[in-house]
Amino acid sequence: MTSAEPIHTLADLDSWSIPGTALAVIGHPIKHSLSPAMHNAALARMAHTAPRFKDWKYVRFDIAPESLPSALEKFHARGFKGLNLTVPHKVIAFGLPSVSVTPAATIIGAVNTLLWTPQGWTGHNTDGHGFSRGLQEGLHRDLHGADVLLLGAGGAARSAAVECLQHGCARLWIANRTQANRDTLLAQLASLAGAIPLSGFDPASPPADLPAGALVINATSAGMKSDDPSPVDLAALPRPAGVYDMIYNPPETPLLAQARALGLPAANGLSMLVHQGARALEIWSQSSVPVDAMREAVVKAMTAS
Ligand code: NAP
């Protein structure tokens, strides 16, 4: 992302005068978001063939969690076409009366994409779609029929777990630093799982009956900071078929470094970022979107930073 792109605040909404159709990502912090670079590259490409996108612009806002309800009212009044929500807003927005949540996002319990309607915001979640498409792109693997070891119980893990179950994974195991959060998630997923075996596990002492050939998915934040511990010791697991880490910055976490050292197929979350963004832009634009342009822009922005 270029440094020329300002970080807007709530106060800017009161005097918003930028013409055209506005989209925005809102988070706290928002400085490191690659979404403006990714979406503006896509919009520029789309404008070549569809002039209606010429005045579309994707900007970024730093909004504190306590300001989210009033900010959403102002974004709506100002006619913003769509919003992406990132940490910490995904779960907060889910609970707001001003957001009408789609059935699919209701199962997840979080929204990352809001669409303007005359009545208010409709809340969608595109992370699960981004995850399954990212897995196909990064590891060439489908969730259908797969054994999955999922690490994490936060918003991203919830999206991934729902996606695994809805795609008909064979079996799903979930581990998390805080066991109570893991158990809450397992209980919430039980009815969706139906006949699909669903269990918790402790990554520090993996059960003997874990199968070889599973997909290991990191949906925890462990690995974002340089001194973070790896969320699991891959050498202590029966040999997995592949390792997908939702983290894309840094591009190689300790988990991915270990996977490569063990000769396991491994991929970071850049492909998920691109595909969750592409689905959001499809929702707002009701048009097909240039995924390649989005991927190129993200890679360029990451290289530049
Ligand atoms: P979240 O809701 O805050 O959940 C964080 C999760 O990480 C929780 O399960 C938490 O466990 C666990 N965790 C945090 N620090 C840990 C540590 N030091 N060791 C082990 N576990 C730790 O966040 P989120 O939205 O789910 O995001 C999780 C990760 O996914 C982030 O790295 C985010 O960047 C990534 N993500 C990527 C994409 C993409 O497009 N590639 C999309 C969404 C998210 P506790 O329950 O114990 O707190």
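The values are calculated or read from the model by the stated rules, or taken from the named source; none is laboratory data. This structure is a prediction, so every number in the text was calculated from the model and none was measured. As a convention, Cβ positions derive from the backbone with ideal geometry for all residues, glycine included, and neighbour counts pool all protein chains shown.
Among (1) over 17 Å from the mean Cα position of the chain (by Cα); (2) within 12 Å of the ligand (Cβ to nearest atom), there is one condition residue 95 misses while meeting the rest; what is its number?
Residue 95 satisfies every listed condition except (2).
If you scan segment 110-125, which residues turn out to be in contact with a helix residue (DSSP H, G or I) (Cβ under 8 Å, 6 or more places away or on another chain) and surrounded by fewer than 24 Cβ atoms within 10 Å (Cβ to Cβ)?
Within segment 110-125, 110, 115, 116, 120, 124 meet the criteria.
When the residues of segment 106-165 are narrowed to those that are among the charged types (D, E, K, R) and not in a strand (DSSP E or B), which ends up nearest to residue 86 (Cα to Cα)?
127
Which ones in segment 166-177 are hydrophobic (A, V, I, L, M, F, W, C) and either within 12 Å of the ligand (Cβ to nearest atom) or assigned to a loop (DSSP other than H, G, I, E, B) (or both)?
Those that are hydrophobic (A, V, I, L, M, F, W, C) and either within 12 Å of the ligand (Cβ to nearest atom) or assigned to a loop (DSSP other than H, G, I, E, B) (or both): 169, 170, 174, 175.
Looking at 213, 168, 152, can you tell me which residue is small (Gly, Ala, Ser), in the same structural domain as residue 233 (by TED's automatic domain parsing), under 21 Å from residue 244 (Cβ atoms) and touching a Ser or Thr at 6+ places or on another chain (Cβ under 6 Å)?
152
Report whether or not residue 69 is under 22 Å from the mean Cα position of the chain (by Cα) and either small (Gly, Ala, Ser) or more than 16 Å from the ligand (Cβ to nearest atom) (or both).
So residue 69 fits the description; yes.
To keep it simple, each residue is scored yes or no on (1) more than 25 Å from residue 142 (Cα to Cα); (2) aliphatic (A, V, I, L, M).
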| site | (1), (2) |
| --- | --- |
| 182 | no, no |
| 185 | no, yes |
| 188 | no, no |
| 225 | yes, no |
| 236 | no, yes |
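Does any residue in segment 200-213 that is in contact (Cβ under 8 Å) with a residue 40 or more places away in the chain come within less than 6 Å, Cβ to Cβ, of a residue that is among the aliphatic types (A, V, I, L, M) and in a loop (DSSP other than H, G, I, E, B) six or more places away or on a different chain, and which pairs are these?
Close Cβ pairs (under 6 Å, with a partner that is among the aliphatic types (A, V, I, L, M) and in a loop (DSSP other than H, G, I, E, B)) amount to 203/232; 213/241.
Return the residue satisfying two criteria in turn: it lies in segment 249-269 and is in a loop (DSSP other than H, G, I, E, B) and over 21 Å from residue 172 (Cα atoms), and of such residues it is farthest from the ligand (Cβ to nearest atom).
Across segment 249-269, the extreme among qualifying residues is 263.
Here are some conditions: (1) assigned to a helix (DSSP H, G or I); (2) surrounded by fewer than 16 Cβ atoms within 10 Å (Cβ to Cβ). Residue 277 meets all but one. Which one does it not meet?
Condition not satisfied by residue 277: (2).
Which one of these is within 11 Å of the ligand (Cβ to nearest atom) and at pLDDT below 95: 246, 224, 272?
Step by step, each of 246, 224, 272 is checked, and only 224 is within 11 Å of the ligand (Cβ to nearest atom) and at pLDDT below 95.
Scan segment 32-66 for residues that are crowded, with 16+ Cβ neighbours inside 10 Å, of a type outside the set (D, E, K, R) and outside any loop (DSSP other than H, G, I, E, B) and report the count.
Result for segment 32-66: 15.
Can you list residue pairs whose Cβ atoms sit under 6 Å apart, with the first residue in segment 64-87 being assigned by TED's automatic domain parsing to the domain that holds residue 109 and the second being acidic (Asp, Glu) and away from the ligand (no atom under 16 Å from the Cβ)? Count only pairs 6 or more apart in sequence or on different chains.
Every condition considered, no pair remains.
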